[in-house]
Amino acid sequence: MLEKKYNFKDVEKKWQDYWYENDIYKFDKENSKKRYTIDTPPPTVNGKIHMGHLSSYIHIEVIARHHRMKGENVYFPFGFDDNGLPTERYVEKKINKKAYMMPRETFVNICLEETKKLEDEFFDLYKRAGFSCNLKEHYSSIAPRTQKISQQSFIDLYNKGLVYHAEAPTLWCTECQTACAQSELDSASIESTFNYLKFFISGTNEYITVATTRPEMLCGVVCVFINPNDEKNQHLLSKKLVVPYFGYEVPVLADELVDMEKGSGVVMCCTFGDTVDKEWQRKHKLPIKKCFTDNGRMTSLAGEFEGFKIIEARKAVIEKLKEKDLLIKQDVITHEVSTHERCGTPIEISVKNQWFIDVLSHKDELYQAGLDLNWYPKTMRARYLNWVENLSWNWCISRQRYFGVPFPIWYCKKCGKVKLANIEDLPVDPLKEQPKTPCECGCTEFIGESDVMDTWATSSLTPQISTDLCTNKGFDDEMVPMNLRPNAHDNIRVWDFYTITKSLYHFKKLPWTDLMISGYVLSSDGSKLAKSKNNSSNSPQNIIDNYSADVTRYWASNLTLGKDTNFSLVEFDNGKKLINKIWNASKFVLSFLENYTPKQVELEMMDKWILEKYKSLYQKFTKALDKYEIALALNELEKFFWNFCDNYIEIVKRRLYNPDIYGERQCESAKYACYYVLLGILKMFSPVLPHITEEIFMDSFAKNEGQKSIHVSGYLNIGEDIDESIIKMGDAVVDCVSQVRQFKSLNKLSLKTFIKDIVVSSKYTNFFKAVEPDVKGVCSVNEIKYVDSDNFNVEIGEVISEEN
RNA sequence: GGGAGUUUAGCUCAGUUGGCUAGAGCAUCUGCCUUACAAGCAGAGGGUCAUAGGUUCGAGUCCUAUAACUCUCACCA
């Protein structure tokens, strides 16, 4: 028997423990059933989880449970992305010290401790949300077995010539003091000044106007460009110009990229002030002049400004230019500047020795991969394609940081050649170990690479890393391609792109077949949620405490895939109502089904009707979920469920209560339909509401059905052929009942009020006659008359009394 | 500047490949304590589907343009 009230706090905890202890969701790799494999996103361990993350994971969860209920063998692994810059910054902030202030090993150990603490919190939250992933064994992107896979990937790319080491212009963060990748850029709107400067033509008193937002880089000017079609400035090509204030001379060159409309139509080129400078440096083989150091201070090139921070230098130079009358005018402008996503510092371009994975020469293949994958929703494909089209930097994977997977390489002290580690020795730390064999040149002394790999260089291998947990096959894996990669849309250009890249490069195949892209959950005012912002009242922990895991899952399941949503508590109240209704309806129906075992009887028409409608719902529901349309599936199910409660149960309850009046068989027929429809509905609700459905199932169905959990019991499919005519006729009966109810409502009568007679005009007289006892009962009508007609109509007779 | 999305009831949103009178929840109003549920039930009111054209027997849905908002990429001299 079910309790009178549903107590989610006790019930949810009870089943979470039960599932965990009994390995209900364990993946059985020996099983020959159809597999469904999920490349679960490992959360970045750099702060607290917010409702956005949680909702995205709930989508994955529902899909995993759906496939499990379809009878598939679901591989739903779990892991953490717990190394790299995001984690380092989290730890630096927490301990209020910078990594470079201590020995590398000390910092790495603190990182390991701090991530462990956060991971325990994450783990607890996932359990409390009712997640059916494998919580017992999870991967970590810094664990030795992961490092091994990551290092092997590097060696494979090296051997294939797809990764190279070069001194090249690199996106550089002066705050984090590391190189970064194009995908790590954000943009910020910054107020700045556009400064019009006098560049004197060498040996004359004539000057030409050049506009720049970065006067501090005047010390690094290598040339001045004009457009080859710029007639009025053609004469400059043979001349030299004097760089204002700094006084040295630079040549004038022509290039089509110069926009004649912008500024003065003449532009100075530094190496490097922005991305166009990078192009020009390569094309015109310009010298490289470093104006600032790794930590963002001016170099000796800046003369008296050496040691100034970039922004300070800019101000100081402008003052000097004013003093010397070299500044013609200043326009205040607001422009978009690329910044580092982790710290918001404007990105500089610097020349450094870095490791790059070549992506620019494989754009076509990468683009094609986007076309070959199934994107849900479809529009997300465009974001990927757009990103690939706009790629302008190769993927820089080296970071001048500390807590990351090391490169498995050394440089020969004598000849400088790269020495790779042996695959069987992985993982290696080149700072602690030495190669086992000498260099080709005979030298036995090596310098280990001190850079570490970017975290994406590793997490782009999650298909290999996660399946390795189950197969122990490491880098090579038979379970790839996986079925599903789920993530939010911000990760398309990052994690998805990199994973596709690696999979194509290593194995010439796609890493998965489907992508399910979730939207963002925004604050109620439309601003972004962030892990770093801690708005606690809406923290996942509090929401689950207040509303239950099932209600939280209901909320997330109602979000449209791929679409951003402002957070609101309204859906939570709807979820609460649904839970309450499921509980009450089940309790009521089951009160008639104690010790009942279903047996086939001749069915009453309204019982056939609800079963046919169930079949129709079942098809719509599974079809929608197969296409990752969680909200649509849930919607159909809710509509059916409410109809089941408010119409079907109301219609049959008299038969259930009074077999003596309505007949023994008629009562058995209602029990049969109630048993299977309720069971079927609970199974369909189970992916979204795993706790309450388990509670009811285990209380009342498990024994009959011979199952240890609803979640591995499979959906209830009672047939493919749907009798549409019964559905239509039964719907007409409901329509008739509605009209009688409407009549009573409009006349402010109680629904109990008896009506002397009604006249039903319809095409379905025989059907109405067959269900006459049901209709009479639910409508409190004493007599029904019938008229054959194409037009449906219900005429309502005299009101008798409130009691009879 | 390129690309994508959104615009439907007071609010939050559904609306499949064009097809009967455009749906749901919340809110509002009216009734009803009906042998599961008042955290419930039965009803009612509320919409020029952003705007303007077009295709069609028929358009919320398809096409063109416009507007507003959002996201994304790029520009950043």
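The values are calculated or read from the model by the stated rules, or taken from the named source; none is laboratory data. Just so you know, these numbers come straight off a predicted model, no measurement behind them. Neighbour counts are summed over all protein chains in view; Cβ atoms, including those assigned to glycine, are modelled from backbone coordinates with ideal geometry. Only protein heavy atoms, including side chains, enter the accessible area calculation; ligands, DNA and RNA are left aside. Shrake-Rupley method; radii C 1.70, N 1.55, O 1.52, S 1.80 Å.
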Q: Quick one: which residues, 5+ away or cross-chain, put their amide H under 5 Å from the amide H of A:K352? H built at 1.01 Å from N.
A: A:A168, A:T170
Q: Work out the charge dipole of the range A:716-804 with +1 on the Cβ of Lys and Arg and -1 on the Cβ of Asp and Glu about the Cα centre, then indicate which of A:V778, A:G797, A:L749 is farthest towards its positive end.
A: A:L749
Q. Across the range A:242-258, in residue order, what do the Karplus-derived ³J(HN,Hα) couplings come to in whole Hz, using 6.51 cos²θ - 1.76 cosθ + 1.60 with θ = phi - 60° and x for Gly and Pro?
A. 9, 5, x, 6, 6, x, 8, 9, 10, x, 10, 10, 10, 7, 5, 5, 6
Q: Averaging sequence separations of C-alpha pairs under 8 Å and six or more residues apart, then dividing by the length of chain A, give the relative contact order as a whole percent.
A: 15 percent
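Assign one of three labels to the range A:160-212, namely rounded, prolate or oblate, based on the Cα gyration tensor with a ≥ b ≥ c the square roots of its eigenvalues; rounded applies when a/c is under 1.5, prolate when it is not and a/b is larger than b/c, and oblate otherwise.
On the way: a/c = 3.88, a/b = 1.86, b/c = 2.09.
Since a/c reaches 1.5 but b/c is at least a/b, the shape of the range A:160-212 is classed as oblate.
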Q | Cα-centre dipole for the range A:158-243 with unit charges at Cβ (Lys and Arg positive, Asp and Glu negative), debye to 20 | A | 400 debye
Q: Would you compute, for the Cα atoms of the range A:1-60, the largest minus smallest coordinate along each principal axis and list the three values in descending order, in whole Å?
A: 41, 38, 19
(Q) Whole-Hz ³J(HN,Hα) for each residue in the range A:441-453, computed from phi via Karplus 6.51 cos²θ - 1.76 cosθ + 1.60 with θ = phi - 60°, x for glycine and proline: what do you get? (A) 7, x, 5, 10, 9, 9, 10, x, 5, 8, 5, 10, 7
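In what order, largest first, do A:D454, A:D573 sit by accessible area if the probe radius is 1.4 Å?
Numbers: A:D454 10, A:D573 70 Å².
My answer, sorted largest first, is A:D573, A:D454.
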Q: Which order do the peptides A:254-266, A:511-523, A:349-361 take when ranked by the mean count of other beta-carbon atoms within 10 Å per residue, highest first?
A: A:511-523, A:349-361, A:254-266
Q) What are the lysines whose alpha-carbon lies under 18 Å from the alpha-carbon of A:K324, with same-chain residues fewer than 8 places away excluded? A) A:K198, A:K315
Q) So what does A:Y676 come to for accessible area, using a 1.4 Å probe and Å² rounded to 10? A) 50 Å²
Q: From largest accessible area down, sort A:L85, A:L112; use a 1.4 Å probe on the protein chains.
A: A:L112, A:L85
Q. What per residue convex hull volume, in Å³, comes out for the range A:398-475 when only alpha-carbon positions are used?
A. 98 Å³
Q. Between rounded, prolate and oblate, where does the range A:581-739 land on the alpha carbon gyration tensor, with a ≥ b ≥ c its root eigenvalues, rounded for a/c under 1.5, else prolate if a/b exceeds b/c?
A. oblate
Q: Return the percentage of antiparallel bridges among DSSP beta bridges fully within the range A:224-367, rounded to the nearest 5 %.
A: 75 percent
Q: Convert each backbone phi in the range A:468-485 into a coupling constant with the Karplus relation 6.51 cos²θ - 1.76 cosθ + 1.60 (shift: θ = phi - 60°), then list the ³J(HN,Hα) values in order as whole Hz, x for Gly and Pro.
A: 4, 4, 9, 9, 6, 8, x, 4, 8, 9, 6, 7, 9, x, 8, 7, 9, 10
Q) Put A:E105, A:E114 in order of accessible area, largest first, 1.4 Å probe: what do you get? A) A:E105, A:E114
Q) So how far, in whole Å, is the C-alpha centre of the range A:342-363 from the one of the range A:139-210? A) 3 Å
Q. For chain A, what does -39500 (n - 2.57) per DSSP helix run (n ≥ 4), summed and divided by total residues, give at 222 nm, in deg cm²/dmol to the nearest 500?
A. -12500 deg cm²/dmol
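Take the residue pairs A:K289/A:K417; A:K9/A:K581; A:K33/A:K148 and return only those whose Cα atoms are more than 20 Å apart. If you can, show how the numbers build up before the last one.
Values: A:K289/A:K417 27 Å; A:K9/A:K581 17 Å; A:K33/A:K148 31 Å.
As for pairs spanning more than 20 Å Cα to Cα, those are A:K289/A:K417; A:K33/A:K148.
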**Q.** Anisotropy class of the range A:64-164 from Cα gyration tensor, a/c 1.5 cut
**A.** oblate
